[in-house]
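The values are calculated or read from the model by the stated rules, or taken from the named source; none is laboratory data. Nothing here was measured: the structure is a model prediction, and the numbers come from that model. Don't worry about glycine lacking a Cβ; one is built from the backbone with ideal geometry, like all the others, and counts go over all protein chains shown.
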Amino acid sequence: MTVNFLDLKKQYNTLDKDVLFKKIEDLISDGKFVGGDALNSFEKNFARYNNADYAVGVGSGTDALIFALAGVGVGPGDEVIIPANTFIATALAVTHLGATPVFCDVNPLTFLMDASVENFITDKTKALIPVHLYGNPVNMDTIMTLAAKYQLKVIEDCAQAVGATFSGKHVGTFGNAGAFSFYPAKNLGGIGQGGMIITHDENIVDKARCLGNVGRKKGSWYEYDEVGYNSRLDAVNAVFLNTCLEYIDLWNRKRRTVARWYASELDSTISVKTPYIDTNSVPVWHLYELQLRTKSDRDGLHKFLLDKNINCALHYPIPCHKQKVYSEYNNLTLGVVESLAFTLLSLPMHPFMTKDEVIEVCNAIKEYFN
């Protein structure tokens, strides 16, 4: 049996093709491929889904982070604290604005930013970026308490967490803004690149629309107020994503079922540790991370599973602060993050995994250790 890491073909075969193709055909007939009603509809529906006041479609999740940070005034001389175990785009968004990323360690149970971030706050700290990594929500009560104490802005990196909630509230709605990615492999993936900002702050909306639209002045065509970007969510992608949005809760529920199967099958396997979930969190399992005891165990199991046609993967085996692009931080030691980089293995995870496939993966893991 071959077990795919993800299976977009199965996922998208569940869509009502007649409805989708009719919407795209109507768009082509209308000719509004940038902006227009298709994008407006998706923005409104995405904001409504997340219980946010506004949503702004942009060209990528990276741009969503950049524009959201710019919207709260982050710039040269500011420090922005981020966890070091994240996709590099989280850090690059800070750097692109001329600010300084400050890499922090994470909670050893959840692998997420926690109260220890307070140790990294200085008088130059402008903002925090809690990352809802792997689709698992950060404890936002803790983060917002610290933000209030030190008068900090909060931009939530929700690239992997569309639909996740903490204490019944959608991620992306706790802080000043939330940034989402619609890269095809995400839980809500598009047919190309794309991103979205959600917020309750109209000033962030205006800033994001200006920056994404080459710095164009609001209400004008040939006046430019900013050094902007060409970063817009195209209309065809918006039509596709708007259709997928109707399925996202179903797909996320299926992912949670797969996660329960994994936890049940691996519970008695003492050589591995399944993910810890806060009782107030409802994760969406973009990735399912298995923790091994040593790098040797992780690398050995990785190869063993691949040899059995079980397509597992490594996510973030080199933390941000150890990357060449951030060489000035290479001597920084962040014990938990560095341990995770050596011991985590991403198991196959998508909404249409069968229980037989999960059992196949888990039996192979048990075989390796026995």
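For segment 1-33, name all the residues that are part of a helix (DSSP H, G or I) and aliphatic (A, V, I, L, M).
From segment 1-33, those part of a helix (DSSP H, G or I) are 8-12, 17-30; that's our starting set.
Hits for segment 1-33 are Leu8, Val19, Leu20, Ile24, Leu27, Ile28.
Could you please let me know if Leu305 is in contact with a Cys (Cβ under 7 Å, 6 or more places away or on another chain), under 29 Å from Ala263 (Cα atoms), modelled with pLDDT of 95 or more and surrounded by 16 or more Cβ atoms within 10 Å (Cβ to Cβ)?
Considered against the rule, which asks whether it is in contact with a Cys (Cβ under 7 Å, 6 or more places away or on another chain), under 29 Å from Ala263 (Cα atoms), modelled with pLDDT of 95 or more and surrounded by 16 or more Cβ atoms within 10 Å (Cβ to Cβ), Leu305 comes out as yes.
Residue pairs, Cβ under 7 Å, 6 or more apart or interchain, first in segment 225-253 and closer than 28 Å to Val214 by Cβ and touching a residue at least 12 places away in the same chain (Cβ under 8 Å), second in a helix (DSSP H, G or I) and acidic (Asp, Glu). List them.
The qualifying pairs are Tyr229/Asp63; Ser231/Asp63.
From (1) of a type in the set (S, T, N, Q); (2) closer than 30 Å to Thr142 by Cβ; (3) surrounded by 14 or more Cβ atoms within 10 Å (Cβ to Cβ), pick out the condition that doesn't hold for Thr333.
Condition (3) is where Thr333 drops out.
Given the residues Gly75, Gly71, Gly57, Gly36, which is the only one that is at positive phi and either more than 20 Å from the chain's Cα centre (by Cα) or surrounded by 20 or more Cβ atoms within 10 Å (Cβ to Cβ) (or both)?
Gly36
Going residue by residue through segment 212-233, is there one that turns out to be in contact with a His (Cβ under 8 Å, 6 or more places away or on another chain) and of a type outside the set (Asp, Glu)?
No, segment 212-233 contains no residue that is in contact with a His (Cβ under 8 Å, 6 or more places away or on another chain) and of a type outside the set (Asp, Glu).
In this structure, is Leu340 out of contact with any Leu (no Cβ under 6 Å at 6 or more places or on another chain), part of a loop (DSSP other than H, G, I, E, B) and either surrounded by fewer than 18 Cβ atoms within 10 Å (Cβ to Cβ) or not polar (S, T, N, Q) (or both)?
When the stated conditions are applied, Leu340 does not pass them.
Can you tell me which of (1) without any contact (Cβ under 8 Å) to a residue 12 or more places away in the chain; (2) outside any helix (DSSP H, G or I) is the one Thr145 doesn't meet?
(2)
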